[in-house]
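This report concerns only the one structure given below.
The values are calculated or read from the model by the stated rules, or taken from the named source; none is laboratory data. Quantities reported herein were computed from a predicted structural model and do not represent experimental measurements. Here the Cβ is made from the backbone with ideal geometry for all residues, glycine too, and neighbour counts use every protein chain on show. Protein only, heavy atoms only, side chains kept; ligands, DNA and RNA dropped before computing areas. Shrake-Rupley method; radii C 1.70, N 1.55, O 1.52, S 1.80 Å.
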Amino acid sequence: MSAAVSALSAVPVLSVLSALPALPLQFADALFEFLAPSTLGEVIVRGLAEASLYVMIAAGLTLVFGLMGVLNFAHGSLTMLGAYLGGLVLVITVAQSTGGVGRLLAFGAAVVVAFGGLAALGGALEVGLVRPIYDRPPLYQILLTFGVTLVLDELARIVVLFYGLQPTTVWQDVLGTKPAFLADSIGVAGVSASGLELFHVLFGVATVVGVHLFLTRTRYGLFVRAGSEDSEMLSALGVDVNRVFTVVFALGTGIAGAAGVLLAWDPAWGASVPLGAETLLPAFVVVIVGGLGTFRGTVVAALIVGLVDSTMTWWFQNVVSFTGLPEMVVFLVLVITLIVKPQGLYGVSEVGGH
Amino acid sequence: MNSGLSAEFTALLPRIETLVVVLFFALFAMSFDFISGYTGYLSFGHAAFYGTGAYLVALAANDKLPLLGPETPFMLLLVLAGVAAAALALAIGSVSFRLSGVYFAMITLGFSQVLYVFVRDWDFVSTAPRDGVAVTEKLEGFQIGVPGVDALNVAIGQLTGDSVEGLLGFITLSPTEVSFYAIGAVVLVCYLAMQRLVHSPFGRTLIAIRENEERARAIGYNTYAYKLRAFVASGFFAGVAGALFVGFRRSVTPENGFYFLVAGDALLVSIIGGFGTLAGPLYGELFDAGVREFLSKEGGGGGLLPYLRANVGDATLATDIYNGLTVAEATDTFLNGHAALYVGLLFVLFVLYVPNGLLGTARDRMGGTLSKAVPRRLRRWFDG
């Protein structure tokens, strides 16, 4: 029996070795090509663009967890709803003849609508469903939000089917509303990057700065930081903690909605019902790697995951013929981080009784 | 089936094919409940063990594994699938149990997703790994029974299974019914084994860990070793469940083997049935499968749609509800194929209002396990 088991475990190793280039020389060549300034520059720009998407997806999740200790499994579905809601606004407002600036304005309107709509939904969810179970073990909050995901996904599927779209394929009309100049590539000092990537970076930086200013410069941000430390003490000081919880939950889901609109314009993601599960997993990876509940950790982790992802994508496209390489390495980052630093990069152990 | 209500029963009760699925998936959900419900550690990557068992059987039957060919007896494969999954659980668990709470759930999720992506894109498993593996090298069905005694083995599977005619003079069973009893026997043995573990001092220690781990450690239990052993046992039974799955369905895809939502389904049925009650997941899965089939799209055999077509007049079905939407169209849009919506709503209601699930609540009401409480009540009732 033990011989059979050890023979079994030998199989994957052998096959992976044969999938990698057999000659070290070839590997050195690839490494040399990878380290060329223009390649490296492009990989870094793409990594930053992906990091921006990741930080957008994960920011709301980390805010909610940091304050309330609730790991929101419905976060991905809320991003998906945001993508559809924003996509609807874009499809309605953008005509064939709309110019580039007009399309960007429509995008702004879509982000505002998705943020507002999802924030309202998030607030309602918090008051109606999450609030009654704050005093239960953390497991029940995971279960509840997991159930909410099932309901939201199926509702989205019903509505999308009702209007004659395919829920599992990307809503192409939304991709068509993207201004032409975002698809062009721009070359600076030998490094070419697509307009969409720069747009993502811009959007991501704006979100990070916005959330940072909210946390450090506003009165509510002060409550959030104080509530993360000790919410009982905060309520003893006369702050209506329940309202702070609701506002932060609404803000978190609103950011998820805005992220959805950004993804609806990206051909690599696009608005579809499976987008919920597709964004939930990277969001978890980013939030856990950074350390649950620290916004700084989330930003750093998003940068790490984004850069790792784009690096691995390059290696997969040029050297290693294993399609799943980038995705697999992203999950490996999660596993390795948790083995080496069990609370994540900047995590503290006591958040939310976890 | 000739009673006055037979149409209602056909519509409401699941088909035998569904019930076979209920059996092996319930075994997987039980193994999930064994670790998560009893120790309180949410094993969100439990699909890894189910997938391992399933892929092991499929690959062995396709002659892809060394030392195991299509001729390997299925009973041996069941054990090997369990052992492989248990070995994986040992590896994952020894790292993961250094963490607790949500971090534990996330690291197990991470491991299972790494395996999912790996299996999905590894062209060793089949020519199109994204579509999974189908058993192609072995034409006859997998056999369950007493090893070595040919007469005491039956083949399982919808098309490849044995049928029984005239056993003891009056028992006649279709291949699917034979599969139901054969798989049911394996599931029963596994259930009894887990039941034995749960009611042993070992199982009591697991409950102590769930209720207060610090205290359990303080009285001298090596909680890490207990949790790890429970995880390995749980992985073993999850692997067996995966092996039964391929034994019956003869194919597996990354999505229904390794994907994290497979563990999500196990979580769902465990909660509905009763978290921390070993038999609960079976009732939860029965309930879930029943609702899904009642609202299934094709409505083959039973379900709401054929029942409505047969028993409600055309005039009613064609009635306008709103803006040209007829009753028939409305059931088609909002009910058929959308069972996930209603199961999800029920799940949320269960988490909010019935956190102990069906079986847990029944036990609380009756004051003890049903096998003890029901006879006690009956006796009291008869004694008046």
Quick check: is even one residue across segment A:296-307 among the small types (Gly, Ala, Ser), on the phi < 0 side of the Ramachandran plot, surrounded by fewer than 20 Cβ atoms within 10 Å (Cβ to Cβ) and more than 9 Å from every other protein chain (Cβ to nearest Cβ)? no
Okay, strands (runs of 3 or more DSSP E) sitting entirely in segment B:134-175 with 3 or more residues that are more than 22 Å from the chain's Cα centre (by Cα) and surrounded by fewer than 14 Cβ atoms within 10 Å (Cβ to Cβ), I get B:164-167
If I go through segment B:331-357 residue by residue, how many of them are part of a helix (DSSP H, G or I), surrounded by fewer than 20 Cβ atoms within 10 Å (Cβ to Cβ) and more than 9 Å from chain A (Cβ to nearest Cβ)? 3
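Looking only at residues that are of a type in the set (S, T, N, Q) and closer than 23 Å to residue A:132 by Cβ in segment B:328-384, which one is nearest to the chain's Cα centre (by Cα)? Steps first, please.
As a first pass, look at segment B:328-384 and keep what is of a type in the set (S, T, N, Q): B:331, B:333, B:336, B:356, B:361, B:369, B:371.
Adding the requirement that they be closer than 23 Å to residue A:132 by Cβ leaves B:356, B:361.
Working: B:356: 19, B:361: 21 Å.
Per the stated criteria, the residue is B:356.
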How about segment A:143-189: which of its residues are surrounded by fewer than 17 Cβ atoms within 10 Å (Cβ to Cβ), part of a helix (DSSP H, G or I), of a type in the set (A, V, I, L, M) and more than 8 Å from every other protein chain (Cβ to nearest Cβ)? A:159, A:180
State yes or no: is residue A:311 closer than 24 Å to residue A:67 by Cα, more than 9 Å from chain B (Cβ to nearest Cβ) and either surrounded by fewer than 21 Cβ atoms within 10 Å (Cβ to Cβ) or touching a residue at least 12 places away in the same chain (Cβ under 8 Å) (or both)? no
In segment A:99-142, the residues that are facing chain B (nearest Cβ under 8 Å) and either among the acidic types (Asp, Glu) or open to solvent by less than 20 Å² (accessible area, probe 1.4 Å) (or both): A:133, A:142
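Look at residue A:196 and say whether it is surrounded by 18 or more Cβ atoms within 10 Å (Cβ to Cβ), within 14 Å of chain B (Cβ to nearest Cβ), in contact with a helix residue (DSSP H, G or I) (Cβ under 7 Å, 6 or more places away or on another chain) and under 29 Å from residue A:270 (Cα atoms).
Numbers: surrounded by 18 or more Cβ atoms within 10 Å (Cβ to Cβ): yes; within 14 Å of chain B (Cβ to nearest Cβ): no; in contact with a helix residue (DSSP H, G or I) (Cβ under 7 Å, 6 or more places away or on another chain): yes; under 29 Å from residue A:270 (Cα atoms): yes.
So residue A:196 fails the test.
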Only residues that are within 13 Å of residue B:186 (Cβ to Cβ) and surrounded by fewer than 24 Cβ atoms within 10 Å (Cβ to Cβ): list them for segment B:55-75, please. B:75
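Here is a yes/no grid of residues against (1) of a type in the set (S, T, N, Q); (2) surrounded by 24 or more Cβ atoms within 10 Å (Cβ to Cβ); (3) in contact (Cβ under 8 Å) with a residue 12 or more places away in the chain:
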residue	(1), (2), (3)
B:243	no, yes, yes
B:253	yes, no, yes
B:263	no, yes, yes
B:270	yes, yes, yes
B:276	no, no, yes
B:279	no, no, yes
B:288	no, yes, yes
Which members of segment B:196-223 meet the condition of being aromatic (Phe, Trp, Tyr) and in contact with a Lys or Arg (Cβ under 8 Å, 6 or more places away or on another chain)? B:202
Does any residue of segment A:229-240 turn out to be more than 30 Å from residue A:340 (Cβ to Cβ) and open to solvent by less than 10 Å² (accessible area, probe 1.4 Å)? no
